[in-house]
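Some notes on the structure that comes next.
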């Protein structure tokens, strides 16, 4: 009588796959972000623009207010805030371009296939990109804005402007400027995910920030239409601009809506949320 023993083949260790955790995905996206040469250049430009424009407007303040009367403390705080955040109008364009490139660059090189092979569910990879890019952009924006405020503070007293860094509204507006940069960058990342093309994504993102607002301003100038003024207030640049406006208050004057800082921030978050919902749906449904 013979006995047949069924040999159980051991599982080859090389075939064992381990699911990539979200923490691992975050580390992966951080490595990719800091490895890009464009990241270093773009963030360097953000800092340079913010500081240089701050110094420029601080010198202009010397010529503007040197022979004028005394300013109220609120006016002084408002102007000091303008000095610190004027560069945002230009650095937001850099953040928008970089936000698109963070995702569209992978589509262009084909690296996105490796990313989705490691993260088959896809959405964790998108969210990890947004978190890493948003946090880094916020930190860079915060450093550049506060550095500008500190560098220009000694230049302003000769013009009758003495910033009060103990003013919570002033500090909150400085933080709001960095938050706006991060949100506009994340919004552009979502647009880049939707378009999947660097040129198209950059055109769409900058069109939303640069082209649409002037078009509405032309309509307002020609027609004085309240709907155009209200629509402009809810665009990302206007709503987000309320985040770094000193003591921004909500109001409705003659049917024209003005948002406060909190409302402006919520509108910006709504823009980001809507774009990310669209990006997420398309990312799950489309082939790589």
Degrees, to the nearest 10: 261-285 long Cα axis against longest axis of the chain: 30 degrees
FRET efficiency for residue 151 and residue 270, using Cβ-Cβ distance with R0 set to 30 Å, rounded to 0.05: 0.30
Inter-label distance for residue 111 and residue 22, nm, one decimal - labels placed 7 Å from Cα along Cα-to-Cβ: 2.4 nm
With Cα atoms, 0 to 90° folded angle of helix 168-195 axis to the chain main axis: 40 degrees
Crossing angle, helix 22-35 versus the chain [Cα axis fit, 0-90 degrees, rounded to tens]: 60 degrees
Separation in nanometres of the label points that stand 7 Å from Cα toward Cβ, at residue 52 and residue 127: 4.0 nm
GNM result for the chain, Cα springs below 10 Å: residue of 179, 259, 171 fluctuating most strongly: 171
Mean residue ellipticity (222 nm) of the chain, computed from DSSP H runs ≥ 4 via -39,500 (n - 2.57), nearest 500: -23500 deg cm²/dmol
In nm, spacing of pseudo-spin labels at residue 162 and residue 278 (7 Å Cα→C-beta vector): 5.0 nm
Tensor-based shape of region 64-153 (alpha-carbon gyration tensor, a/c under 1.5 rounded, otherwise prolate or oblate): prolate
Full-stretch length increase - residue 172, residue 139 - with 0.36 nm per residue and alpha-carbon distance subtracted: 10.4 nm
Shape of region 202-255, Cα gyration tensor, a/c cut at 1.5: oblate
The chain: most fluctuating residue of 105, 264, 141 per GNM, C-alpha cutoff 10 Å: 105
Region 166-281 shape via C-alpha gyration tensor axes, a/c threshold 1.5: oblate
Listed candidates [x] 42; [y] 45; [z] 23 - label of the one calculated as percent of Cα pairs over 30 Å apart: [x]
Length-normalised contact order of the chain in % [C-alpha pairs under 8 Å, at least 6 apart]: 22 percent
Gaussian network model of the chain, Cα within-10 Å springs - most flexible of 273, 23, 173: 23
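FYI, it's all coordinate maths here, none of it is from the lab. Fair warning: this is a prediction, and the values are worked out from it, not measured in the lab. For neighbour counting, all protein chains shown are included, and Cβ atoms are generated from backbone atoms with ideal geometry for every residue, glycine included.
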